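Right, one structure below, let's go through it.
The values are calculated or read from the model by the stated rules, or taken from the named source; none is laboratory data. What you are looking at is a predicted structure, and each value in this text was computed from that prediction instead of being measured. Backbone-built Cβ (ideal geometry, glycine too); neighbour counts: all protein chains shown. The accessibility values were calculated without ligands, DNA or RNA, using every heavy atom of the protein model including side chains. Shrake-Rupley method; radii C 1.70, N 1.55, O 1.52, S 1.80 Å.
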Amino acid sequence: SFVALFAKFAAQYSAKNDSKSLSSLVWVGTKITLALSVGAAIVLLLLLNPLSKFLHIYNPLLMVVMFSAVIFSILYSLPAGVLQGNLKFIFISLINIFGAFSKVLVGVILVALGFGAMGGGIAVLVAFLAPFTIAIIYVILKYKINMHGSENVHFVNELKKISGPFLLASIAITILQGTDVIFARHFLNSTEAGQYASLSVMGKAIFYIT
C-alpha cells in the first residue's frame, strides 16, 4: 500500500519536474518508513512468544529473521514507490527479479548445507534486503536528499488523510490472502503445512497469469 502512496506523489512531482518536492518526499518518506519499521519491530518482538506458540515455531532466531524480512519490506516501499512514480519500470523489475533469484539461490544453498527452515528464512530476508539496498542507494544518489530543507507539508497532510484507509485495506487483503496458511501451520504438522503453503502459492499463479 505504501508503494502505491509514494508512487502517487512521486509521479505528480516528476510530471511537474519539481525536484525540490521529490527530494522532500524521499526525506519525509524515509522518516515515515523508519518510524513504522521501528514500531513494527517492537510489536513483533512483544508478540514473539505467543506467535511462536501459535505457529509451533520454537526457534526464536528464525522468528527474528522473519520479522526482519517484514521490516525490510516496509523500508523497501519508499524506494520502490519513488522508482515506480518516476516510471523506472525496467529498473525496478530487474532488481525485483534479482531479489527473487537471490532468494532461490541462497535458499537452495543453505538448505543443502543443512540449515533447514533457517536457510529458507534467511533466503526470504535476502529477497527483501537485496532489492532494498540497490534501490535506496539509487534513489539517494539520483534524487539528492536534502535533510536540512523544508518538509513538503502538502505530502504530509495528504498522507495523513489516506494512510488510514490504505492501511485498513492492506490488512483486509492480507487477511484474505494469508489466513488459511497461518491456520494450516497451526493445525497441521510441519510437512502438511509446508505442502499446503506451496499449493497456496501455486494457486496464486492463476491470479497473476490472468
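Among the residues of the stretch 166-178, are any in a helix (DSSP H, G or I) and over 19 Å from the mean Cα position of the chain (by Cα)? I'd like the intermediate steps shown before the answer.
Applying the first criterion (in a helix (DSSP H, G or I)) to the stretch 166-178 yields 166-178.
When the remaining residues are screened for being over 19 Å from the mean Cα position of the chain (by Cα), the result is none.
No, there is no match, as no residue in the stretch 166-178 is in a helix (DSSP H, G or I) and over 19 Å from the mean Cα position of the chain (by Cα).
Given (1) open to solvent by 40 Å² or more (accessible area, probe 1.4 Å); (2) modelled with pLDDT under 90; (3) over 20 Å from the mean Cα position of the chain (by Cα); (4) not β-branched (Val, Ile, Thr), where does ALA4 come up short, assuming only one miss?
The one condition ALA4 does not meet is (3).
Could you check how many residues of the stretch 47-61 are within 18 Å of ALA184 (Cβ to Cβ), open to solvent by 80 Å² or more (accessible area, probe 1.4 Å) and of a type in the set (A, V, I, L, M)?
So the count comes out to 0.
Please specify each residue of the stretch 111-131 satisfying the condition of being more than 18 Å from PRO60 (Cβ to Cβ), open to solvent by 30 Å² or more (accessible area, probe 1.4 Å) and in a helix (DSSP H, G or I). Steps first, please.
Here is the first cut: in the stretch 111-131, the residues more than 18 Å from PRO60 (Cβ to Cβ) are 111-114, 123, 126-131.
Of the ones still in play, those that are also open to solvent by 30 Å² or more (accessible area, probe 1.4 Å) are 111-114, 126, 128-129.
Scanning the stretch 111-131 gives VAL111, ALA112, VAL126, PHE128, LEU129.
Quick check, is ASN96 in contact with a Pro (Cβ under 9 Å, 6 or more places away or on another chain), exposed (fewer than 13 other Cβ atoms within 10 Å of the Cβ) and not in a loop (DSSP other than H, G, I, E, B)? I'd like the intermediate steps shown before the answer.
Values: in contact with a Pro (Cβ under 9 Å, 6 or more places away or on another chain): yes; exposed (fewer than 13 other Cβ atoms within 10 Å of the Cβ): no; not in a loop (DSSP other than H, G, I, E, B): yes.
So ASN96 does not fit the description; no.
Does SER73 satisfy being part of a helix (DSSP H, G or I), free of Cβ contacts under 8 Å to residues at least 40 places away in the same chain and of a type in the set (Ser, Thr, Tyr)? It would help to see each step written out before you state the result.
On the way: part of a helix (DSSP H, G or I): yes; free of Cβ contacts under 8 Å to residues at least 40 places away in the same chain: no; of a type in the set (Ser, Thr, Tyr): yes.
So SER73 fails the test.
What tally of residues in the stretch 76-91 results from selecting those that are closer than 23 Å to THR33 by Cα, in a helix (DSSP H, G or I) and open to solvent by 20 Å² or more (accessible area, probe 1.4 Å)? Quick ask: steps written out before the conclusion?
Step one: of the stretch 76-91, the residues closer than 23 Å to THR33 by Cα are 76-89, 91.
Add one more test, that the residue is in a helix (DSSP H, G or I), and what stays is 76-85, 89, 91.
From the residues that got through so far, the ones that are open to solvent by 20 Å² or more (accessible area, probe 1.4 Å) too are 76, 84, 89, 91.
Result for the stretch 76-91: 4.
Need pairs with beta-carbon distance below 7 Å; first residue more than 17 Å from LEU51 (Cα to Cα) and within the stretch 182-200, second open to solvent by less than 50 Å² (accessible area, probe 1.4 Å) and part of a helix (DSSP H, G or I); sequence gap 6+ or separate chains.
Short answer, once both residue conditions are applied: TYR196/VAL181; TYR196/ALA184; ALA197/VAL181; ALA197/ALA184; SER200/VAL181.
Given the conditions (1) over 25 Å from PHE155 (Cβ atoms); (2) touching a residue at least 60 places away in the same chain (Cβ under 8 Å), report the number of the one that VAL111 does not fulfil.
Failing condition for VAL111: (2).
Please go through the stretch 29-61 and give me each residue that is touching a residue at least 40 places away in the same chain (Cβ under 8 Å) and within 18 Å of the chain's Cα centre (by Cα), ordered by number.
GLY29, THR30, ILE32, THR33, LEU34
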